[in-house]
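The values are calculated or read from the model by the stated rules, or taken from the named source; none is laboratory data. For clarity, every value in this text was computed on a predicted model and none was experimentally measured. A quick note on method: Cβ atoms are made from the backbone with ideal geometry, for glycine too, and the neighbour counts reach across all protein chains shown.
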Ligand code: FAD
Ligand code: 2HG
Ligand code: ZN
């Protein structure tokens, strides 16, 4: 799994030329065109951030990045690219974890960063309409004074864009409570490769007028068109939020704990997130959140973060305290201990231990990431099985694989299996694949629970989808993008 270096443009597509830049100059102001083609408006190093993906595995060689401000500009750009057979990679915050947001060759990068205006907010219905390039955190800040929150939240919120979230169908930390974007996104505005503006930007809760086309763009990863705006339902902000981190002596306790927590907290439960001991230790090592006291972590094999979001603080606190009391006073307690946040700073610090694992892993080394849906009962055996396989192959040492860890969204059956290595090495890759995908298939799971397919998993699709479904996906791609210019090599091979 060495870094996949860009080769030349695949023969099917044309590279961007000076003539193309001259045309784009009629559509965009000079500041919205970054190109290394002469006369250059950017240096190769300025294009680095657009050509490299977040985990440092995929690297493109794009010469040109366009940053349109309006849907009309996107339309004119795509129309030109389609006619000229220029491949286009839509790019949001470039925080995707499957290599979908960067070119594989020298495709044109279309950055949505300048499309960052809120179009409207209806405080009664809670419906927000925003340009695709709005940063998730800025939308959270926008709706906060109206006492609303975004239905999606994730560790990359400070950089990822709502258009990127929709295009990856991001899951994140609130899915347990508010459901997937397939439910909360009410409408999208999309520019198709031929320049057609598809206005599906409805703010209706109910609309049964035939095929629900917008659903196709939720999770399309830029392969069908460019999402330019999103209409989304924002839930009312909870009046009170609390969290607690529970230390468990054994992973076997996670399932019975989940049942008990649901039973106790019912409607106020808003997150049930899991990190194993390795993930916790890495988060602490790299300064993500405040470490628990040593007696609190002693003997803990894993941790669960429980969040409540409810209507009355005293009521929620009482429920949480009752839960903790019940758990600790049981004859055979499921937990060793529980640490309850006492103030907003502690609340954030507990969350940081969970949200910060990805960041910590990236500081520790190169990460092989498997974002899989499997039955909760199999989480630990998949993590342990992978570690054991690497050990048997002699790859578990400082110069190869440093850590194998598991964390994720227990409530959604989504395990993040990360293998942290010193470098991306072919022998590690060969030990992990197809092994992990075969395990997922045998469990009737999914090879991508929430991050998408990107460039990383195109070969793995058949482990989760049958041939008839994949054939249909190719046909759908052809309908929207007959020349195949949209994000080639992503999702479908
Ligand atoms: P990009 O990375 O820029 O793009 C992602 C894909 O969408 C690419 O294929 C791109 O071509 C396409 N795309 C982007 N914008 C558009 C557009 N406007 N129109 C058409 N196509 C577009 N994911 C989760 O699901 N849950 C998590 O909890 C989670 N946590 C994360 C934590 C961290 C620290 C990081 C780095 C990533 C995390 N992710 C998570 C990955 C997640 O996919 C992204 O963070 C996010 O949804 C991508 O948004 P983005 O704007 O960065 O998109
Ligand atoms: C999370 O849940 C993200 O923290 C990232 O989806 C997972 O980095 C990962 O593997
Ligand atoms: Zn996740």
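Observations on the structure shown:
- From 133, 163, residue being part of a loop (DSSP other than H, G, I, E, B) and within 22 Å of residue 71 (Cβ to Cβ): 133
- Here the condition is being more than 26 Å from residue 493 (Cα to Cα) and in the same structural domain as residue 126 (by TED's automatic domain parsing); of 223, 209, 196, it holds for 209 alone.
- Among the residues listed as 267, 314, 318, 296, the single one being touching a strand residue (DSSP E or B) at 6+ places or on another chain (Cβ under 6 Å) and in a helix (DSSP H, G or I): 296
- Enumeration of residues in the stretch 142-160 that are near ligand 1 (Cβ under 8 Å from one of its atoms) and either surrounded by fewer than 18 Cβ atoms within 10 Å (Cβ to Cβ) or assigned to a strand (DSSP E or B) (or both): 159
- Tally of residues being under 26 Å from residue 176 (Cβ atoms) and modelled with pLDDT of 95 or more across the stretch 386-412: 7
- Members of the stretch 88-102 that are more than 6 Å from ligand 1 (Cβ to nearest atom) and either without any contact (Cβ under 8 Å) to a residue 12 or more places away in the chain or touching a strand residue (DSSP E or B) at 6+ places or on another chain (Cβ under 7 Å) (or both): 88, 99, 102
- Some residue of the stretch 280-290 being surrounded by 22 or more Cβ atoms within 10 Å (Cβ to Cβ), at pLDDT 95 or above and assigned to a loop (DSSP other than H, G, I, E, B): yes
- Qualifying positions in the stretch 1-30 - modelled with pLDDT under 95 and surrounded by 16 or more Cβ atoms within 10 Å (Cβ to Cβ): 1, 4, 6, 9
- Of the listed requirements (1) away from ligand 1 (no atom under 14 Å from the Cβ); (2) modelled with pLDDT under 95; (3) buried (at least 18 other Cβ atoms within 10 Å of the Cβ), residue 445 misses just one: (2).
- Applying the condition of being under 22 Å from residue 363 (Cα atoms) and in contact with a helix residue (DSSP H, G or I) (Cβ under 9 Å, 6 or more places away or on another chain) to the stretch 410-424 and asking which residue is nearest to ligand 1 (Cβ to nearest atom) yields 416.
- Residue ID - farthest from ligand 1 (Cβ to nearest atom), chosen from residues in the stretch 370-395 that are in contact with a helix residue (DSSP H, G or I) (Cβ under 7 Å, 6 or more places away or on another chain) and either in a strand (DSSP E or B) or within 13 Å of residue 429 (Cα to Cα) (or both): 393
- The test for being surrounded by fewer than 21 Cβ atoms within 10 Å (Cβ to Cβ) and modelled with pLDDT of 95 or more holds for residue 362.
- Only listed residue being away from ligand 1 (no atom under 11 Å from the Cβ), buried (at least 19 other Cβ atoms within 10 Å of the Cβ) and closer than 16 Å to residue 92 by Cβ, chosen from 128, 110, 139: 139
- The set of residues from the stretch 232-251 being within 26 Å of residue 189 (Cα to Cα) and assigned to a strand (DSSP E or B) comprises 232, 233, 236.
- All conditions in (1) in contact with a strand residue (DSSP E or B) (Cβ under 9 Å, 6 or more places away or on another chain); (2) at pLDDT 95 or above hold for residue 168, with the sole exception of (1).
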